[in-house]
Amino acid sequence: MTPSTSMPPRARVLRPMGFTPGRWLQSGLRLVPGLSVLLVFGLLARGRFAELGALGWGEAAALGALLAGGALSIVRRIRRTMSGAAILLRDELEFGGTLLAAAYVAVALGGELLFPVVYVLMAFLVTFLSRPAGATLLGAAVLFDALITLPDRWGVFLVRTAFLGLFSALYHAVLSARLAAARRAEEDAVKNKIREIEERARTFRLVSSGADSFPGIKDHEKWLVAAVKEIEGATGSVLEVAETVLKSHTVGVFMLASDDRSLKLHDCRSTSEQVQRERFSAGEGIFGALLKRGVPLRMASASGLKGVTHYEPGGPAVKAIVAVPILEGGGLVRGVLVADRLEAREFSEDDEKLLQVIAGEVLRAIEVERVMSYIRRSRDEKDRFFRAIEELNRAGSPEQVFLAVLESARQVAPLDFCAVTLVSEQNNQRAHRIVRMSGVTSTGRALEGRTFPDNNGLVANVVRYGAPLPGRDVGAMDRQIIFDDDTQIRGLQSLKIFPLVAGSRILGTVVAGSRKKAAFDSDELRMLEVIAIQAAQAVLRAQLYEQMERMATTDGLTGLTNHRTFQSRFDEALATARRYGRKLSLILTDVDHFKSVNDTYGHPTGDQVLRGVARILKETARDTDVVARYGGEEFAIVMPETDAKGALVIAERIRERVMQELFQTEQGPLKVTLSLGVATCPESSQEKQGLIELADQCLYFAKRHGRNQSVTVAQMQAKAPRVAGAE
């Protein structure tokens, strides 16, 4: 077996990393404009360019570099523009700087009479360059002027500087105003075009006659324009066929406007300039008879026909005409297709049939676009609906659910007012609360958080009967009471209130209103109803989650924070106090002789006492304090931003209120007392366990020395010094 031989690998030439000669040249050319401006600036500072005849080689080289730099900046600017790249600030400064340096060289050589060139140049620069570049070049112009005028002519320098600033500001202001005016004119032209397209769309019934445009929805405008253009293209094609076959003077399509009372030219082929292009009455003349009867019409007269309304007054004398209605299914007339001649040559029956076929093609194009618009609209509505459902399902807390309900309702229907209410039972009486709303009442008051009792208003009745209300038009109602008599929302022409139904429970309502009549169609009402159903499930889930969270963090008997949550919140409060060097106090307390209460009065009475003490603790403590059941008959209070003196005041207040509380039992009235211990960070200890141990020592010190008292670490140490070393 012949051993294989391996060829040595071909050596590769490793090129050192860095710039290639081409890159060095490119980088050098990139610096030419800036360096040339700096070179001219330095020569002007030294008083050069004083006379044209006294130019030296240095000045000539500087001018050559300046010309080269200006040419390079112009070429670079053109290349970036042609490639579609953005013009950088550096490019603008190089371009403007070379022009400005050249202008000041011209002033230095030619004298003061040439200085207006600088004014004109600055006006040009601030007009066509960006604002940062214009401001920078204005500063450069002032600096250049200082070189050739100071320190001898301060007056001239100040006047020129003022004029440079004034010229630049005026030109910039004038340009901004003209650009703003041009932008407004362009926006108005676009809006007018969109309005014209929408009117044509209503003529074709692509949208309902009462529908407004959808503000801000560009996709709607795009497909609306495309639909109208498609219909116009199809109509134009068949009219050209009709004109060629019929050899008519005019053949055109006149559509009924959205009010169904007037006709308007849609498209025509005519040799006349007097075809009526404005709206005209649909009930007069030949067209009026055709629209009333809904059947084709052929007429001819050597002396000229009367009742021709599709020409302007004084128009040509029509002697033959054929017109067919554009009929939808069910015989509904939507327009007229007409052909006429100026000679008394009657149209034949075949000509009439041809126009009927063409009218069918026009109607088919309209129907196709209607179907397409319906599909698009349905798709958009479904997209908005599914997004709304997703937002509801994503919401976790009740507050998030309420916000999602409002946003979802606004996505599927044009709402001017929307609110979410919840119902609750208080002392066997039903009460309603407005938890979220969007829109403003007639008085301008926000309604969030407002509570009202059960009444005969629409919201209360929806909850009572579990069905959407009102069942009739809002305008037909004598009085519109949505919430209660004190809360009036005027101006709503459309209103629907849906119940939030979760299983057999009614949690509240969703109120949807609009200032427009018949604002909600059946699809929108159905989607709002489904959103209300989903919202009810989301509210129920959020409430159950809150309830579970509350059960996990609170004590079942007293409703206070439980021991586990207390430890976590104590850690947070103590970490904050240590981080910012602030005070924090801890109070530990328990009920004196509580075992005797249980033994004498029974455990139900003991539970009653614990609940009463917990209520007093919660009412007396501040909102920022953490009140917890520590275990058994023991309670704890963490008091941020509180020193020992302040904590002792609160402890004494709690002790006195408990001492005054009278508990009614089957065996007679009962009074109890508390013993309390107070420890403070950082004086007592900076550690959590140290604070707990010291507060516990103070508590038992109070118990051993008579009970029904509050004791701080300082008091304990003063009365029993030997206890101080127990920490």
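Bear in mind that the values in this text are calculations on the coordinates, not laboratory data. As the structure is a computational prediction, the values presented were derived from the model and not from experiment. Cβ: placed from backbone, ideal geometry, glycine included. Neighbour counts: every protein chain shown.
Points worth noting:
- Karplus (6.51, -1.76, 1.60) ³J(HN,Hα), θ = phi - 60°, over the stretch 507-520, in Hz, Gly and Pro reported as x: 8, x, 9, 10, 9, 10, x, 9, 7, 9, 6, 6, 6, 10
- Here the calculated FRET efficiency for Thr673 and Gln567, from their Cβ-Cβ distance with R0 = 41 Å, stands at 0.90, rounded to the nearest 0.05.
- A straight chain from Asn598 to Val295 at 0.36 nm per residue would run longer than the Cα-Cα distance by 99.1 nm.
- Rounded to whole numbers, the Karplus 3J(HN,Hα) couplings from phi for the stretch 682-695 are x, 4, 6, 5, 9, 9, 4, 5, x, 5, 5, 5, 5, 5 Hz, using 6.51 cos²θ - 1.76 cosθ + 1.60 with θ = phi - 60°, and x at Gly and Pro.
- As a rough footprinting exposure proxy, the listed residues Arg569, Arg269 were ranked by other beta carbons within 10 Å of their own, and the order from fewest upward is Arg569, Arg269.
- Counting neighbouring beta carbons within 10 Å and listing from fewest to most, the residues Cys681, Cys698 come out as Cys681, Cys698.
- Violating pairs (Cα-Cα greater than 23 angstrom) within the set Lys595/Lys645; Lys264/Lys306; Lys595/Lys703: Lys595/Lys645
- Binning all Cα-Cα separations of the stretch 554-726 at 5 Å, short to long from zero, yields these whole-percent fractions: 1, 9, 19, 22, 20, 14, 9, 4, 2, 0, 0.
- Directionally averaged projected area (convex hull, Cα atoms, the stretch 545-598), nm²: 5.4
- With the convex hull drawn around the C-alpha atoms of the stretch 499-604, the volume per residue stands at 234 Å³.
- Approximate spin-label separation Met551-Glu273, in nm, with each point projected 7 Å along Cα-to-Cβ: 8.7
- Across all Cα pairs in the stretch 218-373, the calculated P(r) in 10 Å bins from zero up to the longest distance comes to 11, 42, 35, 10, 2, 0 percent per bin.
- Each listed q (0.14, 0.15 Å⁻¹) maps to a log10 I(q)/I(0) for the stretch 395-546, found by the Debye formula over equal Cα scatterers with no solvent: -0.61, -0.71.
- In this simple spin-label model, placing a label point 7 Å from the Cα along the Cα-to-Cβ direction at both Glu687 and Ser504 gives a separation of 5.8 nm.
- Neighbour counting of Cβ atoms within 10 Å sorts the residues His310, His705, fewest neighbours leading, into His705, His310.
- For the stretch 27-179, the equivalent ellipsoid derived from the alpha-carbon gyration tensor has semi-axes of 25, 22, 11 Å in decreasing order.
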